[in-house]
1. Among 261, 459, what's the order by accessible area (1.4 angstrom probe), most exposed first?
2. Skipping prolines and chain starts, which residues have an amide H placed within reach, meaning under 5 Å, of the one on residue 262, given they are 5 or more residues away or on another chain?
3. Principal axes first, then extents: for the Cα atoms of the chain, list largest minus smallest coordinate on each axis, whole Å, largest first.
4. Using a 1.4 angstrom probe and counting only protein chains, how large is the accessible area of residue 78 in Å², to 10?
5. Quick one: with all protein chains in place, what share of the accessible area of the stretch 128-304 is carbon or sulfur, to the nearest percent (1.4 Å probe)?
6. Ignoring ligands, DNA and RNA, how do 17, 496 rank by accessible area with a 1.4 Å probe, largest first?
7. Given charges of +1 on the Cβ of Lys and Arg and -1 on the Cβ of Asp and Glu, with all other atoms neutral, how large is the dipole of the stretch 4-111 about its Cα centre, in debye to the nearest 20?
8. Roll a 1.4 angstrom probe over the protein heavy atoms and tell me the percent of accessible area of the stretch 4-111 that is carbon or sulfur.
Amino acid sequence: MANTLFAAIDMGTNAFKLLIVQAHLPGKFIPLLTVREHVVLGRDSPSSTISTHSQNLSIKSLQNFNKLIQTHNFPLLHTRCVATSAVREAQNKAEFIHSISETTGFKVDVLSGEEEARFSYLGALQFFPVFENLVLNIDIGGGSTEFAIGLRGKVEFCLSLKLGHVTLTQQNFGDEEAERASNMREYIRNVIKESGLIGKVKNIGFEIALGSSGTIRAIEKAVFKGYALDLADNEALLSECKRDWKFSIEELKSVVERLCKGGEGQNVRRDGFFKRRSESIVAGGILLDEIFDLLGIKEMLVSGYGLREGLIADSLAKVFDDGYDLNANARFRSILRLATRFNSKRITTSAAEIASIAREIFEGLRKYKELDNDGINLTVDLDEKDLENLEAACLLHNIGLSTGKKGYHKKSYHIIMNGNHLRGYSAEEVKLIALLTRHHRKKLPKLDDASFNELEEAKQKFKVLCAIIRLSVVLHRNGYINYREMDFSHSHEGFKLVIGEERGLNYQPVVEQCVTDKFAVELTHELDYFKKVLKQELSVELKAPPFCSNESSKGSY
């Protein structure tokens with residue numbers, strides 16, 4: 001299991017970010033953990049140096065990341081740590097990098113602007129099926145903005161400009177709102193025109209404009225939730241259920257106009273909506289607005305992935321040589337886009353952990369089916385597509401939480417069935433995935449219900465997959481998330497699932513949990529359903545759960 005885990009750390013100008021994924025060839029990885037530390041390099045000292053205070057914050061954040069990575073216990077070569085604009089421009093970067101190496105063990109690669117642009121483009125390819133398109137990828141960072149034009153994974157042109165939402169915010173462009181905005185626009189236009197970017201982009205051209213940074217995603221979220229129209233969040237979410245990851249130049253300008261209005265009321269609303277990003281979102285919006293105008297962009301797709309995912313893709317290509325395909329599993333990426341669309345990072349992480357538990361159980365069942373021994377007699381053959389559909393359902397089972405907790409499984413079903421989000425999946429597969437999300441909790445499914453009529457032969461597979469997802473959700477909800485310490489076996493008595501004692505991987509502190517009477521009832525209920533479907537007993541041996549040291553919590557079911 002450890003050999004399939006990879007990590008990427010992005011030491012950005014505005015924040016440090018850690019991503020841990022589980023990779024599955026030929027071209028799929030599932031994010032397991034995303035952590036963001038608010039570290040603004042150089043804020044409290046001249047821009048050409050990284051202050052002692054910022055260095056201390058940086059090292060503390062990286063030490064936290066290192067603990068999480070060590071918990072996963074995967075090979076050193078599977079971790080990439082990179083620094084971008086702020087470190088790239090710092091006079092004391094050598095001293096800073098050495099200090100990081102001494103205190104955390106991380107070897108930091110300081111990326112050039114061109115390398116940063118390339119990785120951001122590779123990351124976007126992992127999110128959208130645009131491999132065959134000539135793409136202009138734009139990444140607005142805290143200290144610089146990267147531009148890359150790529151086709152089929154190869155970068156035709158790239159450029160990095162010293163225009164970042166943090167550095168622009170820190171510059172003195174005047175005292176009044178209107179004056180600052182006007183002077184900032186003029187400065188941005190001059191930098192872009194003098195760089196030669198406009199001519200290069202015009203000569204090469206592009207089919208699709210793609211944004212892959214937090215600033216651009218924040219603006220897209222503002223469009224999506226009606227920030228410029230004063231829509232309530234839920235109203236906007238429900239009315240835009242079918243919306244894809246994109247916005248037009250008109251939508252961008254409406255958001256930027258609202259951002260630049262100023263006034264106490266607008267500032268309070270902006271702070272509440274954009275939170276930590278609020279102080280630099282005005283500069284980011286103005287910068288993107290000018291880029292649209294100068295490069296002739298009419299519409300932009302917005303990638304949920306960027307630099308870190310590009311680093312992961314690059315690492316996979318190196319580790320597995322030709323075994324990792326940048327263009328593989330385009331349809332599965334539509335699942336990840338939908339999950340990212342409706343879920344927070346915390347909820348997405350939980351869904352990914354459930355998917356990993358479900359994969360372990362699924363592969364255990366399939367392994368013993370293929371061995372054809374011990375009297376196992378599964379009524380259906382399980383293949384890779386079944387596993388992909390199961391993982392999809394796990395990743396999407398909680399997207400309905402975006403509109404409230406009550407009946408969220410039904411809302412998840414509704415979003416999947418009515419949004420036309422799942423690209424490349426057949427109508428039967430979409431229905432299967434939707435029904436798995438609908439029945440992952442509460443009442444057991446009744447296959448004679450009219451909603452199952454369209455499944456035809458897939459009904460039997462649905463029962464097996466449903467038993468797996470329900471069991472995985474119950475185990476995860478009660479703290480048993482360490483799928484790396486799971487052992488699935490079979491004997492003449494039936495199946496046995498053992499979950500070990502190592503600590504789980506959650507980043508946020510969790511209140512200690514122990515096996516409760518409610519959990520025992522829930523688990524017994526799911527084990528009875530498993531036996532009914534698989535015609536085999538499944539016993540579950542639970543050693544101390546990840547967050548409970550109480551000896552009495554150990555038990556078998």
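1. 261, 459
2. Long-range HN contacts for residue 262: none found.
3. Cα extents, longest axis first: 76, 54, 48 Å.
4. Estimated to the nearest 10 Å², residue 78 gives 10 Å².
5. Values: 3680 of 7820 Å².
Its accessible area is 47 percent carbon and sulfur atoms.
6. Details: 17 40, 496 80 Å².
Sorted by accessible area, descending: 496, 17.
7. Values: 10 positive and 7 negative charges, 56 e Å.
The calculation lands at about 260 debye.
8. On the way: 2180 of 4250 Å².
In the stretch 4-111, the share of accessible area belonging to carbon and sulfur is 51 percent.
The values are calculated or read from the model by the stated rules, or taken from the named source; none is laboratory data. These figures come from a predicted structure and were not determined experimentally. Glycine gets a Cβ as well: all are built from the backbone with ideal geometry, and neighbour counts include every protein chain shown. SASA here: full protein model, heavy atoms, side chains in, ligands and nucleic acids out. Shrake-Rupley method; radii C 1.70, N 1.55, O 1.52, S 1.80 Å.
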